[in-house]
1. Could you pull out every one of the lysines with an alpha carbon less than 21 Å from that of LYS31, ignoring same-chain neighbours closer than 8 positions?
2. If you find the alpha carbon centre of the range 24-84 and of the range 150-192, how far apart are they in angstrom?
3. If I model a spin label at LYS290 and LYS87 as a point 7 Å from the Cα along the Cα→Cβ vector, what separation in nanometres do I get?
4. Which angle from 0 to 90°, rounded to the nearest 10, does the C-alpha axis of helix 158-168 make with the longest principal axis of the chain?
5. How many angstrom lie between the Cα centre of the range 299-359 and the Cα centre of the range 116-146?
6. Compute the orientation-averaged projected area for the range 338-391 from the convex hull of its Cα atoms and round it to one decimal in nm².
7. Give the calculated FRET efficiency between ASN161 and ASN390 to the nearest 0.05, with a Förster radius of 41 Å applied to their Cβ-Cβ distance.
8. Please report, in debye to the nearest 20, how large the charge dipole of the chain is about its Cα centre when each Lys and Arg carries +1 at its beta carbon and each Asp and Glu carries -1 there.
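FYI, it's all coordinate maths here, none of it is from the lab. Please read these numbers as outputs of a predicted model, since none were measured by experiment. Every residue, glycine among them, receives a Cβ derived from its backbone with ideal geometry; neighbour counts consider all protein chains shown.
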Amino acid sequence: MRNRYKTALVLGAALLLNGCNAPQTNSVQDKIKAQKEVALGELLFFDTILSKNGNQSCATCHNPDHAFVDNRDNGVAGAGSLGDNLKSIGDRNAPTASYAMFSPNFYFDKKSGEYKGGQFHDGRETNLKGQAGGPPTNPAEMGSPSKKFLAKKFENSPHYNKEFKEIYGKDIFLNADKTYEMMAQAIASFEKTDMFAPFDSKYDRFLKDEYDLTPLEDLGRSIFFSNNNTNCASCHLLKTEDAPRETFTNYEYHNIGVPQNHDLMAKNIVNPKTFIDHGLLNNPKVHDKKNDGKMKVPTLRNVAVTGPYMHNGVFKKLSTVVEFYDKYTNEKRKVNPETHKPWAEAEVKQNINTKLLKKGKALSRRKIQALVAFMNTLTDKRYEHLIPKNN
């Protein structure tokens, strides 16, 4: 176990013992088991034993020193992740694991007629446990050939053998599927600790009267929450304005007309070059074509330090993302500032939510700067030094 994270683990385990971010437990034994499960989950999160060739851990693509994203270049400017085989490049940008615990289980909201929650950009895994169990056996990611392959690794490891049996019972290795499930559960338990969601950004401190927003940050805050200026809060707000512990996403799915990242697709060896990412429609639980191209609304927590942006990392700067949204309401916003060419067409042209996108007003350069300045304040304290000077 890495010493640098022991403090975070102790804090997370203590919170679990107090019933925070974890199921309620009814006995001292249950609480001790919960604490041990968190410790096991942390160990697994940083261990390359999960990958076939020992080249990759969860922390490789969700680096805790970089807001739980993949900060490697990978030959695609960070837009996709390099697999354990050191050849395959994923076709999507790894989302941050920070604040992921707050996403509700994937479900269909009958009232709105829309899907919500889940994990990954398309919600294909219902919860964190499902998400944790995905990469280890994905041939383009960690590449372990089977659940049995990994279960045998744990059984043959003196430390894991002891920990799994102490937490899950002496018969845990009799069923490889159950062993694998408990591995994923342990990682999910670790991801539910405050290490992943400290809520200590400048914005959080502002709400506690511990930080004064600069004039530009305050202007950005006003624009963000104002329906008269932008439509940001329609998707990136779960509670009410200035509510504590806001995650800045409503966990819905929308097609906003994001273009393909051709640089990423040129390096992808899994999909054909004609690949189209259909987003939510790729989710095996979703069949209605009205969901074609929809992607999950991401949290804006740590957004300043988790670029590149969009599901495929097509935009490098946060200001470019704001300009991309602005193009729907600003007829002068015709050129992508990163390519200096007209905005590329949408990857999925159907179902673009233009009704939602055209609700705002055209933004001036200062207002764009203000919005970026406000989003910078959503950065966890330990990552503030990573905020780009020109984002």
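1. LYS6, LYS129, LYS162, LYS165, LYS170, LYS192
2. Result: 15 Å between the Cα centres.
3. Taking the two extended label points, one gets 4.4 nm.
4. The answer is roughly 80 degrees.
5. Spelled out, the Cα-based centre of one part sits 26 Å from the other.
6. 5.9 nm²
7. 0.20
8. 600 debye
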